[in-house]
Amino acid sequence: MKLQNAIAAAAILSFAGTMGFAQTDNELTVEGQLISTEAAAPAHMENVGTVYSGWRFRSEETQAMQTDDFDNSGFVFVDDGFALMASVDGSEGKSCASCHEDAEEFAGLKAQMPRVNDSGELETLEDLVNTCRTERMGAEPWKYNGSQMAAVTAVIGLQSRGLPVDVAIDGAAESFWERGKDLYYARVGQLDLSCANCHEDNYGTMIRADHLSQGQINGFPTYRLKNAKLNTVHSRFSGCMKNVRAEPYAIGSDEFKALELYLASRGTGLSVETPSIRN
Amino acid sequence: MAENVRPRVRVPKTAAAGEVITIKSLISHKMESGQRKDGDGNVIPRSIINRFVCAFNGETVIDVTLEAAVSTNPFFEFEAVVPEAGDFTFTWYDDDGSVYEETKSVAIA
Amino acid sequence: MAFTRRKMLILGSASFATATLAGLPAFASLTDDAIMAITGGAETSDAGITLTAPEIAENGNTVPVEVSAPGATSIALFASGNPTPSVATFNFGPLAGSQTGATRIRLAKTQDVVAIATMPDGSFLRASVTVKVTIGGCGG
């Protein structure tokens, strides 16, 4: 095992070449607002001293795209989100806006998600949206990682942009958090890799031609250059698992929600960047 | 009509007469290149925005011919002279015959 | 264009002779054909035209490029390594504030992005930038 790791490490290091070994030092200012892309790692992270937003690991051109709310093509989908929230849907003849007149009332919400509700269930932003739709609008739930959900969660997340991530991991959340942590450190798949192997042990290095980030989720849903649309966090988890040739957990599954909580906690102190631009 | 096509433009609301302003335009469009194949191995036919025109009070600012190599959600940034108050019109032409339009007014400061 | 293959090759080799300094490959390519269709084989100058593109593209699907040629009537962009090299042509109208355009393009692999500006006096300018495009490591 140790020899395998050493060979793998040598292979990864040998590609460290032109893109630089670590994250860039640039500061992120969006529409004049300074957004924090680094913070002291929360106490529960034993192996990491500073947490960095994924923004810091992207090329200068990609970073530049996020500094302006027009250059950031994710905003055309935020526009879609606002339109969806204003349109009536379901048996009750309501739109989201019928009750939530101004999206600004969602300020601070994304920064706390996921969280445990009164019934003891771990809820994500997508759960809140679909609960509203089914129970209060009499509408069909949206596909958990579909384009409508991504658009509306981007609108909601945007209202927390610049606010520090601050999820609860104690009390009722503790058992979910522990499960997420176990999942984070579990090796899976044909390539036998855990999230930690890349995103904790090797962030800042190159994996083939990709500049490995810490795998933070403070910018989701994110506009990915690869598919030119908003991507939700569970979609990314699924993609990551496929990349290590593991059978991914289901979108919206308990595993992914627990992982989402744990990952959010690893970004404590970073600013919400929704909607961010990533590779 | 391609699905969910949404134009988006950024134009300053006011300008001095004769000022050169920066305009940015975007339209959410898949820009199906004609290079991809579906699950059965059949080529997915090309379907893109093939032309973008920006005009001010009827006079052309820029007229762009697009090919399949323009990225999904075509984005353009360019400059325009604002000789007087008026309307910028933005028109996108789709391979499928659809035409999308957006208009933004500019006042003279 | 009514160019026969013969005409194309003759014109092509004439322009190659004068353009050897630019390091063009010694055979006609789709890009050269497309450029020929604009310039008719005329010499191009590299002064007065700027093409900006990243040295390494984060993702070949969305590569930001910007081109500028003061006074040009139009600027055509080509991706010489793409299945079809034509990318876009900016035609500037009377109310263009400058002859510049920025956009985002798809590059299939590491290649030269080429810009050809047509000037009002019938002359042509050319700029070229090499953009490295990689296969992603794990983001895909």
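The values are calculated or read from the model by the stated rules, or taken from the named source; none is laboratory data. These figures come from a predicted structure and were not determined experimentally. FYI the Cβ positions are ideal-geometry reconstructions off the backbone, even for glycines, and counts take in every protein chain you see.
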Odd one out for residue B:35 among (1) modelled with pLDDT of 95 or more; (2) within 13 Å of chain C (Cβ to nearest Cβ); (3) in a loop (DSSP other than H, G, I, E, B):
(1)
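Listed here are the residues, each with its yes/no results for (1) more than 9 Å from every other protein chain (Cβ to nearest Cβ); (2) at pLDDT 95 or above; (3) within 21 Å of residue A:227 (Cβ to Cβ); (4) touching a Leu at 6+ places or on another chain (Cβ under 7 Å).
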{"site": "B:19", "(1), (2), (3), (4)": "no, yes, no, no"}
{"site": "B:29", "(1), (2), (3), (4)": "yes, yes, yes, no"}
{"site": "B:49", "(1), (2), (3), (4)": "yes, yes, yes, yes"}
{"site": "B:57", "(1), (2), (3), (4)": "no, yes, no, no"}
{"site": "B:63", "(1), (2), (3), (4)": "no, yes, no, no"}
{"site": "B:74", "(1), (2), (3), (4)": "no, yes, yes, yes"}
{"site": "B:80", "(1), (2), (3), (4)": "no, yes, no, yes"}
{"site": "B:85", "(1), (2), (3), (4)": "yes, yes, no, no"}
Just one of the numbered conditions (1) within 28 Å of residue B:11 (Cβ to Cβ); (2) surrounded by fewer than 17 Cβ atoms within 10 Å (Cβ to Cβ) is not true of residue A:81; which one?
(2)
For segment A:218-247 the number of residues that are more than 14 Å from chain B (Cβ to nearest Cβ), of a type in the set (Lys, Arg) and farther than 14 Å from residue A:275 by Cβ is 2
Just give me the residues in segment A:171-219 being assigned to a helix (DSSP H, G or I), in contact with a helix residue (DSSP H, G or I) (Cβ under 6 Å, 6 or more places away or on another chain), among the small types (Gly, Ala, Ser) and surrounded by fewer than 21 Cβ atoms within 10 Å (Cβ to Cβ), in sequence order.
A:196
Filter segment B:72-109 for residues that are surrounded by fewer than 22 Cβ atoms within 10 Å (Cβ to Cβ), touching a Ser or Thr at 6+ places or on another chain (Cβ under 9 Å) and assigned to a loop (DSSP other than H, G, I, E, B) and give the result.
B:72, B:85, B:95, B:96, B:109
Given C:115, C:72, C:127, which one is within 15 Å of the chain's Cα centre (by Cα), more than 8 Å from chain B (Cβ to nearest Cβ), in a loop (DSSP other than H, G, I, E, B) and not charged (D, E, K, R)?
C:72
Considering segment A:62-71, residues that are surrounded by fewer than 21 Cβ atoms within 10 Å (Cβ to Cβ) and of a type outside the set (Val, Ile, Thr), and then whichever is nearest to the other protein chains (Cβ to nearest Cβ), we arrive at A:70
Anything in segment C:49-59 that is over 22 Å from residue C:125 (Cα atoms) and surrounded by fewer than 24 Cβ atoms within 10 Å (Cβ to Cβ)? List them, or say none.
C:56
Residues within segment A:42-61 that are more than 14 Å from chain C (Cβ to nearest Cβ), in contact (Cβ under 8 Å) with a residue 24 or more places away in the chain and of a type in the set (Gly, Ala, Ser), tallied
1
